[in-house]
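Encoded as structure tokens, the structure appears first; notes follow it.
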Amino acid sequence: MSNDPVAPTVVQVVDSMERMGSGPYPGLRRSSARGVCFVGTFTPTGQAAGLSTAAHFQHRPVPVTVRFSNSEGNPHVPDAAPVTRGMATRFHLPDGTHTDLLGITVPLFVASTPAEFHGLTEALRPDAVDGRPDPAAVQAHVTAHPQLAAAITQVPPVPVSYGSAAYWAVHAFIWVDAVGARQPVRYRWEPEAGRAELTAEEAATRAADYLTREFHERLRHGPAAFTLHAQLGEDGDPTHDPTVAWPEERKELTIGRLELTTPVEDQEHWDGQKFDPTRLTAGIELSDDPVLAFRAHAYAESFSRRSRHS
Ligand code: HEM
């Protein structure tokens with residue numbers, strides 16, 4: 001599951017995530033607890049068609065379902081909190097199967113192994129008395145892992161809208177073409193409306209659920225669109241480490257356009273789904289990133305707990 005010498009178990013990590021969010025909250029995800037789902041269409045540009053055989057990167061549009069969320073496991077954290085947001089996209093493929101792509105509003109992940117992630121969630125455990133993490137424990141974690149400082153100190157935007165943020169899938173994935181040639185890539189969704197964030201003063205005036213309300217209102221005036229970009233890795237670019245960016249000058253393709261049009265009819269059904277970053281399709285493979293591999297098991301554990309309403 002991981003090349004990490006002291007890899008924690010999935011149960012240890014999900015337990016720790018629950019504690020970090022002062023949970024558990026029965027029936028809810030152990031991360032990104034509060035979310036809202038929409039439907040739309042993804043239309044490929046064809047730019048990826050020669051590099052990956054994936055059905056949704058060829059030439060036919062495919063239906064999609066998207067869940068936007070706040071990253072916190074605590075559902076009471078208001079939308080204006082300076083936390084990352086999530087965009088989980090399910091592409092419904094012509095053969096009746098589906099594939100998922102999960103993104104967040106910062107480009108780097110905070111850990112390059114499950115053990116580092118576990119160390120961070122333990123350091124962020126709220127104090128029993130004041131409900132806040134111990135700053136000294138967080139500082140000790142950063143001091144012990146100086147290479148993670150840039151990732152851990154990223155400041156996520158408080159977006160005007162779920163539709164005015166960029167979302168990075170963070171990990172490398174591997175495209176495979178018709179003759180088996182392999183190309184590492186990293187994905188990013190870019191909002192067609194442009195990136196826009198609130199000032200601290202503006203954020204202070206927003207309702208606790210302003211992001212959900214705003215997006216419903218936005219769709220009443222027309223679709224919300226995103227373009228999907230893929231950065232092409234070159235020899236030597238690390239594929240195993242989600243805390244390290246590739247050089248900005250790497251070639252980038254615009255591989256498709258997503259138009260979200262309406263809320264899903266059955267929010268409860270879609271909120272109950274499990275989006276999984278390792279649910280891929282022919283033409284896309286996992287990279288050697290141990291965090292990516294671990295996530296499949298963590299999401300399954302969270303899904304199992306919330307399905308039991310525990
Ligand atoms: C060791 C690393 C990680 C662990 C243990 C972890 C754990 C989790 C868990 C337990 C959930 C709830 C799953 C469910 O109940 O369906 C979740 C949701 C989510 N995570 Fe992670 N995560 C990790 C890394 C990441 C990274 C690198 C990203 C960047 C794309 C990410 C993005 C998301 C998103 C967008 C959701 C919400 C999915 C949805 O709406 O269903 N996570 N994560």
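Here are a few things to note about the model shown:
- The residue pairs whose first member lies in segment 214-234 and is charged (D, E, K, R), whose second member is outside any strand (DSSP E or B), and whose beta carbons are closer than 7 Å, counting only pairs six or more residues apart or on different chains, are 214/161; 218/161; 218/163; 234/250.
- Any hit, segment 55-72, residues being part of a loop (DSSP other than H, G, I, E, B) and within 16 Å of the ligand (Cβ to nearest atom): yes
- Which listed residue, of 36, 66, is closer than 16 Å to residue 99 by Cβ, among the hydrophobic types (A, V, I, L, M, F, W, C) and modelled with pLDDT of 95 or more: 66
Table: residues versus (1) of a type in the set (Gly, Ala, Ser); (2) within 27 Å of residue 120 (Cα to Cα).
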site	(1), (2)
158	no, yes
165	yes, yes
169	yes, yes
176	no, no
184	no, no
187	no, yes
210	no, no
220	no, no
224	yes, no
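- Check on residue 214, touching a helix residue (DSSP H, G or I) at 6+ places or on another chain (Cβ under 8 Å), more than 16 Å from the ligand (Cβ to nearest atom) and assigned to a helix (DSSP H, G or I): yes
- Residues satisfying the criterion are present in segment 270-277 (criterion: surrounded by fewer than 17 Cβ atoms within 10 Å (Cβ to Cβ), within 12 Å of the ligand (Cβ to nearest atom), free of Cβ contacts under 8 Å to residues at least 40 places away in the same chain and under 21 Å from residue 95 (Cα atoms)).
- Consider segment 232-252 and keep the residues that are surrounded by fewer than 18 Cβ atoms within 10 Å (Cβ to Cβ) and not acidic (Asp, Glu). The one that is farthest from the chain's Cα centre (by Cα) is 236.
The values are calculated or read from the model by the stated rules, or taken from the named source; none is laboratory data. Predicted, not measured: the structure shown is a model, and the values here were computed from it. Cβ sites come from the backbone with ideal geometry, for glycine too, and all protein chains shown count toward neighbours.
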